[in-house]
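The values are calculated or read from the model by the stated rules, or taken from the named source; none is laboratory data. Model, not experiment: these values are computed from the prediction. Cβ sites come from the backbone with ideal geometry, for glycine too, and all protein chains shown count toward neighbours. When the accessible area is computed, the model is the full protein with side chains, heavy atoms only, and any ligands, DNA or RNA have been set aside. Shrake-Rupley method; radii C 1.70, N 1.55, O 1.52, S 1.80 Å.
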Amino acid sequence: MTPELMKLENISFAYETSPVLENLSVAIQEQDFIGLIGPNGSGKSTLLKIMGGILESDSGSIQFKESPISKINKKLFAQSVSWIPQDHPMVFPFKVSEIVLMGRHPYLSPLSFESSEDFEISRRAMETTMTSQFADRYFNEISGGEKQRVMIASALAQNPEMMLLDEPTAALDLKYQVQILKILKDLNTAHKMTLILAMHDLNLASKFCNRLILLDAGKIVRDGSPQQVLEKDILEQVYDVEVDLDYKDGSIRVHPAIRN
């Protein structure tokens, strides 16, 4: 059986008086490639932030490699789990190579500088994400798809065991969506990295993820393979729309049912 990497038990969270997650429990296995799916407001982004230590749950417990997160040194946790938000506002004019090198910060002491090893790890991260060709360009000058690849390179430079991504393909055209997901799939298979992605596109989730977790109103409705989760009745119930399903090449295509 695949070893367990992270375990969440009875997690609840609310923004002021608005509950977002309610008594949620889930186990993440090593080398999972999970798509968090569900309608807007279902709790996907909040769950990712709690997994990444960005937010603290109101109740429940989280363990990483059988140790409570609360007892893990924050710097050590940052070396193991990387977080990529949906938006990447950069106020200062950093070059792409500098952004990627920032991924090495969890390994540096307050007064130390990057070593030749840090630069080499960053260089390899850029090669893996196909960002080397614009290493000397400023981050704010490149396209949205290129920015997303740079942020993945920076996260990869952390050498993490788990990568959390909030809508990594949002607002990108189809070419960049597929490009990003192919890079992530390679990290999962070749680098044995565990990945958890919040996603809206059910078709891409079905194609690339080996496990889907369907959320609705802060609770897990289904958890399993795309074939187990993407069922007509449950999708229509959660998304409140009639859908049709097509099956091709081992993946499922979901589209709204448009009747004459």
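On the stretch given as region 218-239, residues that are free of Cβ contacts under 8 Å to residues at least 40 places away in the same chain and open to solvent by 50 Å² or more (accessible area, probe 1.4 Å) total 7.
In region 16-30, the condition of being in contact with a Lys or Arg (Cβ under 8 Å, 6 or more places away or on another chain), within 27 Å of VAL150 (Cα to Cα) and modelled with pLDDT of 95 or more is met by at least one residue.
Scanning for something more than 28 Å from LYS207 (Cα to Cα) and surrounded by 19 or more Cβ atoms within 10 Å (Cβ to Cβ), does region 8-19 turn up at least one residue? So far as region 8-19 goes, yes, one or more of its residues are more than 28 Å from LYS207 (Cα to Cα) and surrounded by 19 or more Cβ atoms within 10 Å (Cβ to Cβ). State whether the residues of region 247-258 include one that is farther than 22 Å from GLN177 by Cβ and either open to solvent by 50 Å² or more (accessible area, probe 1.4 Å) or within 20 Å of the chain's Cα centre (by Cα) (or both). Scanning region 247-258, I find at least one residue that is farther than 22 Å from GLN177 by Cβ and either open to solvent by 50 Å² or more (accessible area, probe 1.4 Å) or within 20 Å of the chain's Cα centre (by Cα) (or both), so the answer is yes. Scanning for something farther than 17 Å from GLY43 by Cβ and either touching a helix residue (DSSP H, G or I) at 6+ places or on another chain (Cβ under 6 Å) or of a type in the set (A, V, I, L, M) (or both), does region 215-223 turn up at least one residue? No, region 215-223 contains no residue that is farther than 17 Å from GLY43 by Cβ and either touching a helix residue (DSSP H, G or I) at 6+ places or on another chain (Cβ under 6 Å) or of a type in the set (A, V, I, L, M) (or both).
From the list LEU55, LEU36, LEU47, the one residue that fits, being among the aliphatic types (A, V, I, L, M), within 18 Å of the chain's Cα centre (by Cα), assigned to a loop (DSSP other than H, G, I, E, B) and modelled with pLDDT of 90 or more, is LEU55.
Yes/no per residue for (1) modelled with pLDDT of 95 or more; (2) out of contact with any Lys or Arg (no Cβ under 7 Å at 6 or more places or on another chain); (3) polar (S, T, N, Q):
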position: CYS209; (1), (2), (3): yes, yes, no
position: ILE213; (1), (2), (3): yes, yes, no
position: ASP216; (1), (2), (3): yes, yes, no
position: ASP223; (1), (2), (3): yes, yes, no
position: VAL241; (1), (2), (3): no, yes, no
position: ASP244; (1), (2), (3): no, yes, no
position: GLY250; (1), (2), (3): no, yes, no
position: HIS255; (1), (2), (3): no, yes, no
position: ASN260; (1), (2), (3): no, yes, yes
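Has region 31-47 got any residue that is farther than 30 Å from VAL241 by Cα and surrounded by 15 or more Cβ atoms within 10 Å (Cβ to Cβ)? Yes, because at least one residue in region 31-47 is farther than 30 Å from VAL241 by Cα and surrounded by 15 or more Cβ atoms within 10 Å (Cβ to Cβ). Run down ASP186, ASP118, ASP173, ASP166 and say which single residue is touching a Lys or Arg at 6+ places or on another chain (Cβ under 6 Å) and of a type in the set (D, E, K, R). Matching residue, one of ASP186, ASP118, ASP173, ASP166: ASP118. Meeting the requirement of 2 or more residues that are without any contact (Cβ under 8 Å) to a residue 12 or more places away in the chain, the helices (runs of 4 or more DSSP H) wholly within region 71-136 are 116-128.
Annotation: of all residues in region 63-95 being among the β-branched types (Val, Ile, Thr), closer than 29 Å to ALA170 by Cα and modelled with pLDDT under 95, the one that is most open to solvent (accessible area, probe 1.4 Å) is VAL91.
Among the residues examined, GLY60 does not qualify as open to solvent by less than 80 Å² (accessible area, probe 1.4 Å), assigned to a loop (DSSP other than H, G, I, E, B) and out of contact with any His (no Cβ under 6 Å at 6 or more places or on another chain).
Given the criteria modelled with pLDDT of 95 or more and within 19 Å of the chain's Cα centre (by Cα), does MET102 qualify? Judged against the criteria, MET102 is not a match. With respect to the numbered conditions (1) closer than 15 Å to ILE84 by Cβ; (2) at pLDDT below 95; (3) not aromatic (Phe, Trp, Tyr), which one is the sole condition not fulfilled by ASP201? Among (1) closer than 15 Å to ILE84 by Cβ; (2) at pLDDT below 95; (3) not aromatic (Phe, Trp, Tyr), ASP201 violates only (1). Among the residues of region 124-147, the ones that are surrounded by fewer than 17 Cβ atoms within 10 Å (Cβ to Cβ) and either within 20 Å of PRO106 (Cβ to Cβ) or charged (D, E, K, R) (or both) come to 5 in all. For region 157-186, the set of residues classified as open to solvent by less than 20 Å² (accessible area, probe 1.4 Å) and over 12 Å from the mean Cα position of the chain (by Cα) consists of ALA157, PRO160, ILE183, listed by residue number.
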